[in-house]
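Asker: Submitted below is the structure of interest, expressed as structure tokens.
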Amino acid sequence: MERGIESSFGRYLNYVRISVTDRCNFRCRYCMPSGGVPILSHEEIMSYEDILFLAKTLSSMGVKRLRFTGGEPFVRKDFVPFLERLRSELPDFAVAVTTNGSLVKPWAKRLGDLGLDGISVSLDSLKPDRFRNITRLGDLGSVIEGIDALVDSSNAVKLNTVMMKGFNDDELPDLLDFAREKGVLLRLIEFMPLDSEVWLENAFVSVDDMIDGLPDGELWIPERPSDSLTSGPSVYYRNRTTGQRLGLIAAVSHHFCDRCNRLRITSDGEVRPCLFDVRGRSVMSALRDRCSEALVETIAAAALDKPECWTKVARGESHMSRIGG
Ligand code: SAM
Ligand code: SF4
């Protein structure tokens, strides 16, 4: 159990991403079609009690790290009180959150008090019109206010930017300056072809091209990968002059499937061993029955069924907003 849940191809899974809602107040172009996606009813999604029971079972299976995502997690009522309860009942978990940042400002102080492992805020542009164009519904001002409030309340903030040619790829210097001024880490993500309704092949920018596009490129040097539990799929570069770090996530061009330690659980309780594989196993009835044995059995089977690599799965249509990134 030390290493986590046994998976296929010699991997162990100790990091679980749980989507608390499929709903979102944005419609980002790389994530959702303009009309949004069909949404689940409240009865269909895991209650907070269900998620707590799930988290306890995951802990007994050796999982060390949870990330809560969505949809937009702060759209769901009482998300922060839920996190507070989770922290008090399961203090050993490293807990992180991924958010679009638009609704976090009123919660920033309470989030800071929780001492979370990290809060990742998606930020794709610093130009208000462009931000609105990419997110379709988003207001840049509310996200910047959210980031400021999180930083002021001592949260460990990271910024996630999906780089897209013709949308925001010319903003790398500004995004780097912004992150440095705020004292937060910027991570650049490759656009992933998850959903054919939103995929734009011509907008794809590889991590190699992002590195080539770094301002003062000769000053950026790669860091050695870390083996720590919290190390993810990012590779890091450091600016020799300013000391600023930059993360790059090459999910498509240099995928990291051979060392993937993740399992995903959708808000309606489907265990997804791979982001790109539409096959999932539902834990909903085991959860609602509070049946640990059935829950462990289903999660363990899903982990063993993890495909060797996303390039080898029979892909269907999948919405990132449902799985949580
Ligand atoms: N709403 C929250 C947010 O935007 O951060 C959490 C959910 S969102 C699905 C999680 C992450 O997935 C975000 O960082 C988002 O940028 C990323 N994402 C969504 N669609 C993507 C795609 N097609 N390729 C790469 N990243 C994507
Ligand atoms: Fe919503 Fe996040 Fe998807 Fe944007 S990336 S539409 S904020 S779930």
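Asker: Once the piece of chain linking residue 252 and residue 282 is laid out straight, how much longer is it, given 0.36 nm per residue of separation minus the C-alpha distance between them?
Answerer: 8.1 nm
Asker: A follow-up question, please. At 222 nm, what helix-only mean residue ellipticity would the chain give, in deg cm²/dmol to the nearest 500, using -39500 (n - 2.57) for each DSSP H run of four or more?
Answerer: Estimated from H runs of four or more residues: -8000 deg cm²/dmol.
Asker: Based on DSSP loop calls and a cut-off of at most 15 other Cβ atoms within 10 Å, the longest stretch of the chain free of exposed GluC sites (Glu not before Pro) is what?
Answerer: That gives 3-196 as the longest site-free run.
Asker: Would you check the accessible area of residue 113, probe 1.4 Å, heavy atoms only, in square angstrom rounded to 10?
Answerer: 110 Å²
Asker: Efficiency by 1/(1 + (r/R0)^6): what FRET value for residue 289 and residue 312, r their Cβ-Cβ distance, R0 = 45 Å, to the nearest 0.05?
Answerer: 0.85
Asker: May I pose another question? Taking the 0 to 90 degree range and rounding to the nearest ten, how far is the long axis of helix 79-89 tilted relative to the main principal axis of the chain, both from C-alpha atoms?
Answerer: Roughly 60 degrees between the two axes.
Asker: If contacts are Cα pairs under 8 angstrom and at least 6 residues apart, what is the relative contact order of region 5-323 in percent?
Answerer: 23 percent
Asker: Cross-link candidates for residue 105: which lysines have Cα within less than 23 Å, leaving aside residues fewer than 8 places away along the same chain?
Answerer: 77, 127, 158, 182
Asker: Tell me, what % of the accessible area of the chain is carbon and sulfur with a 1.4 angstrom probe?
Answerer: For the chain, the apolar C and S fraction of the accessible surface comes to 49 percent.
Asker: Let me ask something else. Under a Cβ-Cβ cut-off of 13 Å, what is the net charge of the residues other than residue 158 that fall near it, where Lys and Arg count +1 and Asp and Glu count -1?
Answerer: After counting each charged neighbour, the total is +3.
Asker: Just need the relative contact order of region 234-300 here, percent rounded to a whole number, with Cα pairs under 8 Å and 6+ apart.
Answerer: For region 234-300, the relative contact order is 16 percent.
Asker: Compute the angle between helix 48-60 and the longest alpha-carbon principal axis of the chain, please, reported from 0 to 90 degrees and rounded to the nearest 10.
Answerer: Between helix and principal axis, roughly 90 degrees.
Asker: Let me ask something else. Averaged per residue, what accessible area in Å² does region 144-231 show with a 1.4 Å probe, protein chains only?
Answerer: Value returned for region 144-231: 49 Å² of accessible area per residue.
Asker: In nm, to one decimal, how far is the residue 85 label point from the residue 300 one, both placed 7 Å along Cα→Cβ?
Answerer: Roughly 2.9 nm, to one decimal.
Asker: Moving on. With both bridge residues required to lie in the chain, what share of the DSSP beta bridges run antiparallel, to the nearest 5%?
Answerer: Given both bridge residues lie in the chain, the antiparallel proportion sits at roughly 30 percent.
Asker: Treating the angle as unsigned and between 0 and 90°, give the value, to the nearest 10°, between the Cα long axis of helix 292-304 and the longest Cα principal axis of the chain.
Answerer: Compared with the principal axis, the helix lies near 50 degrees.
Asker: Quick check on region 27-174: what does the Kirkwood estimate of hydrodynamic radius come out to from the alpha carbon pairs, in Å?
Answerer: 16.6 Å
Asker: Roughly what percent of Cα-Cα pairs across the chain reach past 26 Å?
Answerer: Looking at the chain, the distances longer than 26 Å represent 46 percent of pairs.
Asker: Per residue, what volume in Å³ does the convex hull of the Cα atoms of region 1-108 enclose?
Answerer: It is 128 Å³ per residue.
The values are calculated or read from the model by the stated rules, or taken from the named source; none is laboratory data. Keep in mind that what you see is a predicted model, and the values were worked out from it rather than measured. Counting neighbours? That spans all protein chains shown, and the Cβs are built from the backbone with ideal geometry, glycine included. Please note that ligands, DNA and RNA were not included when accessible areas were found on the heavy atoms of the full protein model with its side chains. Shrake-Rupley method; radii C 1.70, N 1.55, O 1.52, S 1.80 Å.
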